[in-house]
Structures are given as C-alpha cells and as structure tokens.
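S.K.: One structure follows; several queries about it will come next.
The values are calculated or read from the model by the stated rules, or taken from the named source; none is laboratory data. The structure presented is a predicted model; accordingly, all values stated were derived computationally and were not measured. Don't worry about glycine lacking a Cβ; one is built from the backbone with ideal geometry, like all the others, and counts go over all protein chains shown. What goes into the accessible areas is simple: the full protein's heavy atoms, side chains included, and nothing from ligands, DNA or RNA. Shrake-Rupley method; radii C 1.70, N 1.55, O 1.52, S 1.80 Å.
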Amino acid sequence: MQKHEKKIIRSEQGDAECIHIQHESGLTIYIMEMEGYHSSFALFGTKYGSINTRFRLKGEENYTEVPEGIAHYLEHKLFENEDCDAFEQYAKTGAMGNAYTSFDRTAYLFACSENFTDSLRILLSFVQNPYFTKETVDKEQGIIAQEIRMNDDDANWRVFFNMLKAMYHNHPVRIDIAGTVESIKQINAELLYKCYNTFYNLHNMVLSVAGNVKADEVLAVCDELLKPCEDQGLEQLYADEPDDIVKPYVEDTLPVGKPIFNLGFKLKPQTGKELVRSELIATSVLDVLLGSGSPFYQKLLEEGLINSEFDTDAPFTGDGYFVLSCGGETEKPEEVRDRIIAEIERAKKEGLDKEAFERSKRVHYGDIIRSLNSVEGNASMMLNAYMAGLQPFSTVEALATITYEDAQKFLCEEIDTAKAVLSVIHS
Amino acid sequence: MNLKETTITLGEGMELHTIFEPKFKTNTIRVMLLVPVIPEKNSAYSLAISLLTESNRKYPDNASMTIKLDNMYSANLGSSMSLNGRVMQLSISGGTIANRYALNGEDLLGELTELVLDCIFDPNVKDGAFVESEFKIEQKELLDAIQAEINQKRTYALIRARRTAFEGEPDAYPSYGTQENALQLTPESVYEAYQEMLKRAVVQIYLVTPEKDVTATVEQLKNAFTQIPDRKPEPLLFDCPSPLKKEVSEIIEPMDVVQSKLVMAFKAEEIETYAFKMFSAMFGGLPVSMLFANVREKMSLCYYCASRTLYGKNTLIVDSGVELANAQKTREAILEQLELMKKGEFPDELLENAKTAMVGALHGIGDTPSSCISECYERFFTKDNSDVEGRVQKYLALTKEDIVKVANALKLDTVYLMKQEEGEADAEA
C-alpha cells in the first residue's frame, strides 16, 4: 500500500520521465530512475539564498533583517552537528558530499555509486538537525573570510558583482553571496537558528534525486526521517527597486592579462511560465545578435576587438531581477559596448535574422537533450524547476512554443539600451 | 563497472577504441595525438591543434563552422592540449546528440565523423600554409591565453610552482608554450609542425556511442587514419620521476591581491602508484583528509588546503589560499600533518574511508562519455591493464604500512608563495 500518490511527469521530446511526490511532511520530491546508470545524485534544497535578508512569518508584525552572507554561513555550519560532521558520515558510505548557496537557493548534495539509501539518510538527517553554538559559529569566521578573500581576487567574480552593484539600487542581488568580512562578524548562533527555522521548513524545500535509485526506497527513507511541519506563511520583503540603473560604468583594478568586462542590461523581472519563455527567447536573441555564429561577432573578432573569450551569458534571473549580459577580454571595453548597443538598435529597426533564430532553437533543443545524459544534470533540472515554481521538463515544452515574432517583440520591448551597465577590471 | 569496449589496431602506434553504451543520449568522438614534449614546439603544436577545430576547407571560417555545429543541434567541437609526464597530449573532440533525437532523421554520427575527419585531414590550408586570416586570429588567441595566465590566481600559483619544481625538465612549462615562441610562428611553420605531428604522434581514437550499428563510422575512421604517409610514431615517456633538489627552492612573488597563495611540492624517488593516490586522498584529497580536517576545520586557516598527485612525476602538490600573516603557520601545519602520516599517526578509519571513496569513484566510471574515455586512456598510459574490478582489489589490498611508506618517501622540494601586498611586515615564506 503506497502512502503517497506518485505522479509521473514525462517528456516525449526528451525521452525521459520523472516521478513527483508531494510528501505529507510538506516536502516536494522529484525522483528520476535512470536505467543502466551506476551512480546517483541527490539534492536537498531550500528557497533560501543571499537575497533573502528581510522576512517575516504569518502573525509576526515586524520584518526581521539579517546580515549579508548569512544564508551561505548557515550552509557551512549545517554540516556540523553535536557528535560529528556530515563529511565524516559520508566518508563511511563513500558518498561525495557538498553544498552551494546562490542568490535564491541553498542546496545540499551528494554523489555516490554505492550505499545510496545510507547516504540519503545522512543528507536528510543533518539538514534537519541544526546545531549552532558560539564556539562552532566563531570557528567558521576564519574559513569563510578566506573564501571571501579568494573571491575578491577572482577577476570574473568581481567584474560581475561590480556590474550588479552598478545596476541595482536596493535589491539584495547587489550584495555578495558570502557577504563581506565585516558583515559575517555580526552572525551568531541565535541569528542562524532564526534563519534556519524560517527557511528550512519542508514546505519551502525540495528533494531531487536521479540515477541508480528506486522511488520506493527513496520514499521509505523519507517516511522514516522527514519531520512533518506546518506551512508558516513566509513573507519576503525587498526594498523598492527603481527601473533605472545606478550608473552606466564601473571600473576596478586587479592583476589581469588584459582588461576584462561584463556588459549587462537590466530587464523587467518575471516569474513562472513567462520567465521560462523569456529566458529561452532572451538566450536566442543574444545568440542571434552576438553569438559566435553571428556576423557581428566575426567582425569584432577580425578587428581584434574581442577574442574567443567573448561570450553571452545565460539570463541571470530570480525574484525581482532579470539581467542579460555578455563579457570577455578587450583592450577597448567602451568601444565594444558602443558597438553592441548599436547592433541591438540596428536589429530593433531591421529585424533579427530569421534563419539564425531557427538555428538557435535547434541549439536549445540539443542542449536540453545533452543535459538529460547525466545524473547530476537531471537532478539539477528537477531542482531548478521547483525553484522556478514549475514542473520538470517545462523548458523543453516551452521551447516548442516560442516564435520569431516573440523574439523580435522581446528585443524591441524588453531590452532597453539605456539600462546598460559596463563593468571593467584592468591591471 | 567494466566498459563494453572493443579495440582495433589501425597501424603502428594507432588504435581505435569503440565503447558501446546504450544509455547515452549523445555520440562522442575524441582523437588524441600524443607526442614527446619538445618545449620550443609547444606553441606551434598548440596553435596547430586549435586551428584545426576553428575552421576547415569546407567550413573556412569560425562563423560557418559555428553555423554547421548549431545546425547539428548544438554539436560541440574543440581541441585541448595538456602535459602528462614528458608527453604532450593534443586532442580533438566532437559530440552530438544521438541519431534517434534528430528531428528530421539526420545521421548525426555520420555528420560528426565527417566533420572531425575533415578538420584533421582537410584543414583550412592554402599553398602549404594555414590560411592567414584564420592563423592571425588563433595566434592572437594563443597570445591572449598566455597573457591571461595571471587571471586565475590559484591556477597561476600552481603553474609558477610547477615551473620551479620541474626546472630544467621539458615539462616545466605550460602546454601552450611561451609568448616568445608564439610570436615567431607563421602560417607555414605551424602547418609544417602539424604535418610533423601527424607523423610523430601515437594516435588513440575513442568513439563512445549508443548507436547499435557503427560499422560505417569505424570504416570511415579506419580509412582516414591508415592513409597518413610516412608514419614514425615516437616512443612516449609518461613515467619520468622528477629529481629532488639538493635544497628546497623558495619563491616569493609579490602581487596586488588580498589573499596569499601557498603551494608546496613534495617529491619521491620511488613510489607505488596505487598507494600514492590513496595517500593523497587521505592527506589532502577528501573532506575528511588530514589537511581538510586539521588545517581548515580545526585551525580555521583557510578555505581550501588540498593535495594532488602528478602521475609519472612522483610529485605531490599541496596548495592553499591564506592570509599572509598565516602563511608560515599554514606551511608548518602542512608539514606537521605529513610528519604524523610518516609515523602512522592517523586513524585507521581514514584509510578505510579513503578506500570506500576510491572504490565508489571507480564504480561510477561509465556514467559519462568522458569518464569512459578517461578510463580507457588511463589504462593505455599507465600500461596497467587491470579492469575496474581489478583496480578495486588493488586499492582494497593497501595497508597502513603502504601509506606510511609513501609518506616517508616524500621530501619537500619547492615552496611558492604569492604574497599579498598588504601587511608585508608579516611576510614569511
């Protein structure tokens, strides 16, 4: 007798399917059983990242404001419980455990080829059992400070964050995921518990597993270990963000071979299915205009203005932000910016290349099929779908619906070259 | 998991390995050209191999090549070069989605095979030289890449440490060579170097595919590669232990950064490969390793402090990102952990955990096309024909004494410190 209804979600185009379970504990579970694979990958994620710095629960009058970098700090500290840390436990099962914190999520993961259910037990147990004391919290300061320093010396990281700071006035996407050496000094055990109890509620979380797994075995471990909880009615508050940018140009210095740059455009934020469509369309638009198959790219390459490091980025999107960007190395960043802006304006008037647009759809399709090849790719795809409030395989379905007209409309109505920010790092 | 692999010898120093794996949704071809390292030729070989995949005679510029790849549902095509012992590994790789996903019934594997072969055998050449316009672009790419070495500080520190640790050896420098050599190249000299490479190289070809019938592809590859004239593949030296310096080399490089980088190279005269890899996992490879558990977790000195082995060089590299004020303390802590390993003062559990991790990693082989290729290639260059289960048994048979023996064989050879500019008064390396 099954306790939970298993819903099969199938993608004909991707020739793949997964199982969706809404667990009685409140947790959303996605499982993809992949025949012939020996390894497995599991992700246990929460909708909690660096941007979630102001929040309140149902019944609370005031919003709580927490220091920058606390989600990332919490991720580090959750690995440690009273007796031993999760890494020591994983070491016994042979799983490789890790975790990451981004702008809008934190995910704990492991990869293994043996002892999957034992490793899943470890994952579900330590993420649900926080243990923070003054000593353990203080001990992490030095480690995270060095992680921050390492990122401060990373030119690609710096050029991107400088761009976000010059683009967003108030939205917390402008702050570094790990915070600053100063902000993390304000973090203590009490604040960590406050954030944990707010965001690590199973109603705000997902478990995504793929590979050499059996759904019934996964569910048996979930039934045993998940602690049912009430939906607390979490509310987030982001400061009002004006439509315009802070400043169009920002520069910084760091030892680099030649100047590196990011050029970003601030777009209107979107959510749900519209966001998936917009991401696909935006990727196509950038690829048609600036991708390595475009006449524009070839011209700049021949002129020596860019090299093959130049690339368009995947749309950077989330709750309250949407950025389209590209970047690379050049001796003349401002000239590259001006040329890109002129190319966008030209295409608005003359129209995008239709053949190139159709080609970009084939590229999307091939990329999606390719991503379904790996256990990690599939587990991440299902987690991403949950985080975006969508079903797995939504992207491949949305792809079939986008048209040339959609792309032209998006270019003309959504990409405003007056909201461009150029960020440069030079020696 | 053992691979479903068949190997055909195409000629002297030339093999084709076909790995059939129905679960994959993609086809992958990799051609590896392996030549002994001659440092002054690194730039020419690097430039040649990168030119091959940017264009060919049928797709004579990067734009037409990109369009072709896009039309093949985002097929990928690329080149890479790296060093392994005294061997320069030059690779051309291509991949597509499997034929069953082609929306209009295209034979994507056939197209991919033709494309890869055209890149190798019908390059973008005119009058005995690479076409000048494409050459110029790629030469600039190479120069930019050499210049950009400094962008990634951790990698840069490792390159600098390697340069000192292996000073005087042919593999001391990065595979892409030097700015000086790259500037002297011409379309003619690079084409000549390419012709020479085809003759000198040992060739290993890999096809990883879910297609049931690959007879045509195998024939295409076989026909093309057996027609290279005047082949004289040269012997390869993967195993070339680096001699220990009489005195430890200390390099301090000041740089305008906010975190210092410490790299330490240890060398051994003789070392057993399985025990060496297991030692590195226990010392600084795993999150429960001596360095992670003590230097990072207990002492909170750094975010990363990791070790890795360099195959064939009998060399262990340890690297860490630290505050300048803690550089000396970190160095001492690393040496202290090594001393403990030498005395066998590590938990028995650590060896058991490392064995579990090694066995787990081996059992995951075969779940990605690249792991299938790496597995086959590793068997080739190590001349170790053990299959996965055979290697599992070798790891499981290792004892504490084997690990202690490795620890005692390792001697400090080189210390590199990228020194942040602030707090210079505390500088000690």
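S.K.: Just need the relative contact order of the range B:147-288 here, percent rounded to a whole number, with Cα pairs under 8 Å and 6+ apart.
M.R.: On the way: 55 pairs, mean separation 43.3, N = 142.
Relative contact order comes out at 30 percent.
S.K.: Next question. Tell me the carbon and sulfur percent of the accessible area for the range A:289-382, rounded to whole percent, probe radius 1.4 Å. Intermediate values should be presented prior to the final figure.
M.R.: Working: 1690 of 3730 Å².
On the range A:289-382, the fraction of accessible area on carbon and sulfur atoms equals 45 percent.
S.K.: Further question: Indicate the residues belonging to the range B:251-285 that lose 50 Å² or more of solvent-accessible heavy-atom surface (probe 1.4 Å) upon moving from the chain alone to the assembly of all protein chains, ignoring ligands and nucleic acids.
M.R.: B:Val258, B:Gln259
S.K.: For the range B:135-164, which trypsin sites (Lys or Arg not before Pro) are in a loop by DSSP, counting at most 11 other Cβ atoms within 10 Å? Could the numbers behind the result be given before it?
M.R.: On the way: sites: B:Lys136, B:Lys140, B:Lys153, B:Arg154, B:Arg160, B:Arg162, B:Arg163; in loops: none.
Passing both the DSSP loop test and the Cβ count: no residue.
S.K.: For B:Met14, enumerate residues with amide H under 5 Å from its amide H, sequence gap 5+ or separate chain, H modeled in the peptide plane.
M.R.: The list, which skips near neighbours in sequence, is B:Val203.
S.K.: Can you tell me the relative contact order of the range A:249-426? Whole percent, Cα pairs under 8 Å, sequence separation 6 or more.
M.R.: That works out to 43 percent.
S.K.: Let me ask something else about it. Would you mind classifying the protein assembly as shown by shape? Square roots of the alpha carbon gyration tensor eigenvalues, ordered a ≥ b ≥ c; an a/c under 1.5 is rounded, otherwise it is prolate if a/b is larger than b/c and oblate if not. If you can, show how the numbers build up before the last one.
M.R.: On the way: a/c = 1.29, a/b = 1.08, b/c = 1.19.
Judged from the Cα gyration tensor, the protein assembly as shown comes out rounded (a/c under 1.5).
S.K.: Which far-off residues, 5 or more places away or on another chain, put their amide H under 5 Å from the one on A:Gly69, with H placed in the peptide plane?
M.R.: A:Gly179
S.K.: Moving to a separate point now. Against the longest principal axis of chain B, how steep is helix B:369-382, in degrees 0 to 90 to the nearest 10, with axes from Cα atoms?
M.R.: 70
S.K.: Tell me, what HN-Hα J-couplings in whole Hz come from the Karplus equation 6.51 cos²θ - 1.76 cosθ + 1.60 at θ = phi - 60° for each residue of the range B:316-328, using x for Gly and Pro?
M.R.: Per-residue couplings from phi come out as 10, 10, 10, 9, 8, x, 9, 5, 4, 4, 9, 4, 5 Hz.
S.K.: Shifting gears a bit: Report relative contact order for chain A in percent, whole number only (criteria: Cα-Cα under 8 Å, sequence separation at least 6).
M.R.: Details: 797 pairs, mean separation 97.3, N = 427.
Rounded, it is 23 percent for chain A.
S.K.: List the residues whose amide H sits under 5 Å from the amide H of B:Thr315, counting only those 5 or more places along or on another chain, with H placed 1.01 Å from N in the peptide plane.
M.R.: Under 5 Å from the amide H of B:Thr315 lie the amide H atoms of B:Leu310, each far enough along the sequence or on another chain.
S.K.: Tell me, what HN-Hα J-couplings in whole Hz come from the Karplus equation 6.51 cos²θ - 1.76 cosθ + 1.60 at θ = phi - 60° for each residue of the range B:201-208, using x for Gly and Pro?
M.R.: 6, 7, 10, 10, 10, 10, 10, 10
S.K.: Using a probe radius of 1.4 Å on heavy atoms only, what accessible surface per residue do you get for the protein assembly as shown? Whole Å² is fine. It would help to have the intermediate numbers written out before the result.
M.R.: On the way: 33580 Å² over 856 residues.
Per-residue value: 39 Å².
S.K.: Moving on. Check each of the GluC sites (Glu not before Pro) in the range A:305-411 and keep only those in coil by DSSP with at most 14 other C-beta atoms within 10 angstrom; list them in order. The partial results should precede the final answer.
M.R.: On the way: sites: A:Glu309, A:Glu329, A:Glu331, A:Glu334, A:Glu335, A:Glu343, A:Glu345, A:Glu350, A:Glu355, A:Glu358, A:Glu376, A:Glu397, A:Glu405; in loops: A:Glu309, A:Glu331.
Taking the range A:305-411 and a limit of 14 other Cβ atoms within 10 Å, the loop GluC sites (Glu not before Pro) found are A:Glu331.
S.K.: By its C-alpha gyration tensor, with a ≥ b ≥ c as the square roots of the eigenvalues, how is the range A:237-370 shaped: rounded for a/c under 1.5, else prolate for a/b larger than b/c, else oblate? Write out the running numbers ahead of the final one.
M.R.: On the way: a/c = 1.64, a/b = 1.07, b/c = 1.54.
In terms of gyration-tensor shape, oblate.
S.K.: Suppose each label sits 7 Å from its Cα in the direction of the beta carbon; what would the B:Glu339-A:Glu358 distance come out to in nanometres?
M.R.: 7.3
S.K.: Threshold 50 Å², probe 1.4 Å: give the residues of the range B:305-338, in number order, that are less accessible with all protein chains present than with their chain alone.
M.R.: Residues of the range B:305-338 that lose at least 50 Å² of accessible area once the other chains are added: none.
S.K.: What percentage of the solvent-accessible surface of the range B:249-426, computed with a 1.4 Å probe over protein heavy atoms, is contributed by carbon and sulfur atoms?
M.R.: Values: 3350 of 6560 Å².
Carbon with sulfur: 51 percent of the solvent-accessible area.
S.K.: Based solely on C-alpha atoms, express the radius of gyration and the Dmax of the range B:285-429 in angstrom.
M.R.: Computed over the Cα atoms of the range B:285-429, radius of gyration and Dmax are 17.8, 55 Å.
S.K.: What are the ³J(HN,Hα) couplings of the range A:66-72, residue after residue, when phi is run through the Karplus curve with 6.51, -1.76, 1.60 and θ = phi - 60°? Round to Hz, x for glycine and proline.
M.R.: 10, x, 4, x, 6, 4, 5
S.K.: At a 1.4 Å probe radius, carbon and sulfur cover how many percent of the accessible area of the range B:5-225? Could you put the intermediate results ahead of the total?
M.R.: Details: 3940 of 7930 Å².
Looking at the range B:5-225 in its full context, I get 50 percent from C and S.
S.K.: Do any GluC sites (Glu not before Pro) in the range A:174-222 lie in a loop, going by DSSP, with at most 13 other beta-carbon atoms within 10 Å of their beta carbon, and if so which? Intermediate results must be reported in sequence, preceding the final value.
M.R.: Values: sites: A:Glu182, A:Glu190, A:Glu217; in loops: A:Glu182.
Within the range A:174-222, the qualifying GluC sites (Glu not before Pro) (loop, at most 13 other Cβ atoms within 10 Å) are A:Glu182.
S.K.: Here is a further query. To the nearest 10 degrees, how steeply does helix A:404-414 sit against the main Cα axis of chain A, on a 0 to 90 scale?
M.R.: It works out to around 90 degrees.
S.K.: Oh, and also: Rg(Cα) of chain B divided by 2.2 N^0.38 Å? Spell out each step's value before the answer.
M.R.: Working: Rg = 23.4 Å, N = 429, 2.2 N^0.38 = 22.0 Å.
Working it through for chain B, the quotient is 1.06.
S.K.: Compute the acute angle (0 to 90°) between the alpha-carbon long axis of helix B:400-409 and the principal axis of greatest extent of the alpha-carbon atoms of chain B; round to the nearest 10°.
M.R.: So the helix axis and the longest Cα principal axis differ by about 90 degrees.
S.K.: Chains B and A: what accessible area do they bury, summed, in square angstrom to the nearest 100, with a 1.4 Å probe? Present the calculation step by step, with values, prior to reporting the outcome.
M.R.: Details: alone 19330 and 19600 Å², together 33580 Å².
So the buried area, both faces added, is about 5300 Å².
S.K.: As an exercise, use a Förster radius of 35 Å and the Cβ-Cβ distance of B:Leu183 and B:Asp107 to find the FRET efficiency, rounded to the nearest 0.05. Show your work: numbers first, answer last.
M.R.: Numbers: r = 43 Å, r/R0 = 1.24.
Efficiency, from the Cβ-Cβ distance: 0.20.
S.K.: Please give, to one decimal in nm, the separation of the simple spin-label points placed at A:Asp243 and B:Glu219, each 7 Å out from Cα toward the Cβ.
M.R.: 6.4
S.K.: Moving to a separate point now. Loop sites only, by DSSP: take the trypsin sites (Lys or Arg not before Pro) in chain A that have at most 16 other C-beta atoms within 10 Å and name the longest stretch containing none of them.
M.R.: Numbers: sites that count: A:Lys3, A:Lys58, A:Lys214.
That gives A:215-427 as the longest site-free run.
S.K.: Here is a follow-up. Estimate the FRET efficiency between B:Ala397 and B:Lys212 by the formula 1/(1 + (r/R0)^6), using the beta-carbon distance for r and 35 Å for R0, to the nearest 0.05.
M.R.: Details: r = 39 Å, r/R0 = 1.11.
With R0 = 35 Å, the Cβ-Cβ based efficiency is 0.35.
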